[in-house]
Amino acid sequence: MIPEKTRNLMIQSGNIRKVLIKAEKEKLKTLYPFNYVDFYIRGVQSHSIINVLGVAYDGCHKIYLLLSKSDVKKAKSRDYKIHHITELNALYHGSCGLQFIYSWDIRIQFISQDVMSRDVQIKVKDYKAEQLSLIKEMELLDVELKLKRDYTEHNWMATP
């Protein structure tokens, strides 16, 4: 028979593991970017930005990157259509010749109107799907470890 003190320690280690897994999931969400955008003009990198929440588009040529929740709220209130960041390249190259890409607050000009669209290359990498996959994998591992612990506990109790 496993001593009571050892058994309690084994049960507690399951709780510690849950806390560690929860901390790892939070770290994934906060430390690593959800997306990454690089802007190139004539093959030379001009800007990079991470964690864009969305793209506001007026349907013609005005394209704004939404960098905060308040930006998203303001864009929606002004009837801009909000697009996923992965649509940015298609939006830009499908716009009229006056297109530009600014931050919503107009502090950052990613691509100004005087640049020819044929000279612009936009590369977007979306990490959110990869992060969600990692989180799901961690959750499955946690369930597997819990089942093993419960099975072991049950066998300890069943032994004379």
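Brief remarks follow.
- Residue ID - farthest from residue 124 (Cα to Cα), chosen from residues in the range 63-112 that are within 20 Å of the chain's Cα centre (by Cα) and of a type in the set (D, E, K, R): 73
- Pairs, first under 16 Å from residue 74 (Cβ atoms) in the range 93-113, second of a type in the set (D, E, K, R) and modelled with pLDDT of 90 or more, C-beta under 7 Å, six or more apart: 104/71; 104/74
- Residue that is at positive phi and either in the same structural domain as residue 40 (by TED's automatic domain parsing) or in a helix (DSSP H, G or I) (or both), where the choices are 101, 122, 106: 106
- Unique match (being at pLDDT 90 or above, assigned by TED's automatic domain parsing to the domain that holds residue 122 and under 27 Å from residue 123 (Cα atoms)) among 37, 55, 44: 55
- Scan the range 71-98 for residues that are surrounded by 12 or more Cβ atoms within 10 Å (Cβ to Cβ) and part of a helix (DSSP H, G or I) and the total you get is 13.
- Residues of the range 109-129 satisfying the condition of being surrounded by 13 or more Cβ atoms within 10 Å (Cβ to Cβ) and modelled with pLDDT under 70: 128
Rundown of residues vs (1) of a type in the set (Ser, Thr, Tyr); (2) out of contact with any strand residue (DSSP E or B) (no Cβ under 6 Å at 6 or more places or on another chain); (3) at pLDDT 90 or above, yes/no style:
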site: 66; (1), (2), (3): no, no, yes
site: 70; (1), (2), (3): yes, yes, yes
site: 94; (1), (2), (3): no, yes, yes
site: 107; (1), (2), (3): no, yes, yes
site: 132; (1), (2), (3): no, yes, no
site: 136; (1), (2), (3): no, yes, no
site: 141; (1), (2), (3): no, yes, no
site: 145; (1), (2), (3): no, yes, no
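- Taking the criterion of being in contact (Cβ under 8 Å) with a residue 24 or more places away in the chain and surrounded by fewer than 15 Cβ atoms within 10 Å (Cβ to Cβ), the only residue of the range 48-60 that qualifies is 60.
- Residue check, residue 155 modelled with pLDDT of 85 or more, in a helix (DSSP H, G or I) and either surrounded by fewer than 16 Cβ atoms within 10 Å (Cβ to Cβ) or of a type in the set (Lys, Arg) (or both): no
The values are calculated or read from the model by the stated rules, or taken from the named source; none is laboratory data. Everything numeric in this text was worked out from a predicted model, so none of it was measured. Positions of Cβ are backbone-derived with ideal geometry, glycine not excepted, and every protein chain shown enters the neighbour counts.
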